[in-house]
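Enquirer: First, the structure itself, so that you have it in front of you.
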Amino acid sequence: MGASSESHLQQADQAHHAVHNVIQITPKLISGSAPDGDEGFAELERRGVRTIVTVDGAVPDVEAAHRHGMRYVHLPVGYHGIDHERQLEIARVVRDLPGPVYVHCHHGKHRGPAAAASAAVGLGWLTPQQGVVFMQQAGTSENYPGLYQCVAELEAAGQEQLDTAPADFPEVVPVPGFVKAMAAAQEAYDHLVEIRDAGWQFPPDHPDLVPEAEARQLARLLGGLLDDPEREIHPPDFAEMLGKAGAAAKALEGSVIAGAPVAERTRLLRVVHESCKACHRTYRDRR
């Protein structure tokens, strides 16, 4: 992509709450967050999106995409970076399937932008340097150096090389139960952030979120991870970190149910966040 195409790298209208961090890279390629419910898919439909690529571990809502005339492709990636084979797969999706193509992770800030940048660089639409600039614009954290590195060191792929990538374009791929539980816990936490921002009440634009139910879900998921067999493959301090997060989530659940002061609920949610963040730095972000 030459300088004349840089005008396409623009922040889209963020007023709609159902999709966030939406950035149009080229006329065919858009990056953003996971669509939030049917309203999110409707927003993507209004934007003309034909194909959705998710690089998140969570199972995509394929039926909702179909209802709005779109298809999903599920190609999960980690926070440590995207291997070259997966980069080619994502680039081939963008090249071969109808556009615009919307690439997302959960928040649309880290893995999704890296995947979208990889596709754009691999297809020759962006230089590696422009890909890095795009990731910075999207808010990709410097705590994920592998994501930046895999884009900065990537070269455009020729048509023959792209043709070697699989063309089955799976709508859903199996993910480990531990990963699915982590993704669900992240969603419950995000819902609690919305609830907190609404003064620990039902968010006006998301009235189906029940504070007690979301707090209970987060506590259940984090507590259950301690019993997951995958926990045993990590060093003992992993279980300790997970235990701290689970205990904080359980305390938060109790405070929400008891109607504790807002400041106390907010404090406990912050403790959950800090506990998870410490664990991510050690066991997720640099894997």
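The values are calculated or read from the model by the stated rules, or taken from the named source; none is laboratory data. Owing to the predicted nature of the structure, the values given are computational and were not obtained by experimental measurement. Don't worry about glycine lacking a Cβ; one is built from the backbone with ideal geometry, like all the others, and counts go over all protein chains shown. Note: areas computed on protein heavy atoms with side chains; ligands, DNA, RNA excluded. Shrake-Rupley method; radii C 1.70, N 1.55, O 1.52, S 1.80 Å.
Enquirer: What are the residues in the stretch 198-228 that are among the acidic types (D, E), modelled with pLDDT under 80 and surrounded by 14 or more Cβ atoms within 10 Å (Cβ to Cβ), if any?
Expert: Within the stretch 198-228, the first condition is being among the acidic types (D, E), and the residues that meet it are 205, 208, 212, 214, 227-228.
Pick out the ones that are also modelled with pLDDT under 80 and you get 205, 208, 227-228.
Result: D228, single match.
Enquirer: Check off (1) assigned to a loop (DSSP other than H, G, I, E, B); (2) in contact with a Lys or Arg (Cβ under 8 Å, 6 or more places away or on another chain); (3) surrounded by 21 or more Cβ atoms within 10 Å (Cβ to Cβ) for W125 and give me the number that stays unchecked.
Expert: Checking W125 against (1) assigned to a loop (DSSP other than H, G, I, E, B); (2) in contact with a Lys or Arg (Cβ under 8 Å, 6 or more places away or on another chain); (3) surrounded by 21 or more Cβ atoms within 10 Å (Cβ to Cβ), the one that fails is (2).
Enquirer: Search the stretch 38-54 for residues that are aliphatic (A, V, I, L, M) and pair each with any residue that is modelled with pLDDT of 95 or more and open to solvent by 10 Å² or more (accessible area, probe 1.4 Å) when their beta-carbon atoms are under 6 Å apart and the residues are at least 6 apart or on different chains.
Expert: Pairs found: V49/P100.
Enquirer: All but one of (1) within 21 Å of A184 (Cβ to Cβ); (2) in a helix (DSSP H, G or I); (3) at pLDDT below 95 hold for S7; which doesn't?
Expert: (1)
Enquirer: Further, regarding this structure: Scan the stretch 130-153 and tell me whether some residue there is more than 19 Å from the chain's Cα centre (by Cα), modelled with pLDDT of 95 or more and in a loop (DSSP other than H, G, I, E, B).
Expert: For the stretch 130-153, residues more than 19 Å from the chain's Cα centre (by Cα), modelled with pLDDT of 95 or more and in a loop (DSSP other than H, G, I, E, B): present.
Enquirer: While we're here: Scan the stretch 57-87 for residues that are open to solvent by 20 Å² or more (accessible area, probe 1.4 Å) and either under 15 Å from L123 (Cβ atoms) or more than 15 Å from the chain's Cα centre (by Cα) (or both) and jot them down.
Expert: Across the stretch 57-87, the qualifying residues are V62, E63, H66, R67, H68, G69, R71, D83, H84, E85, R86.
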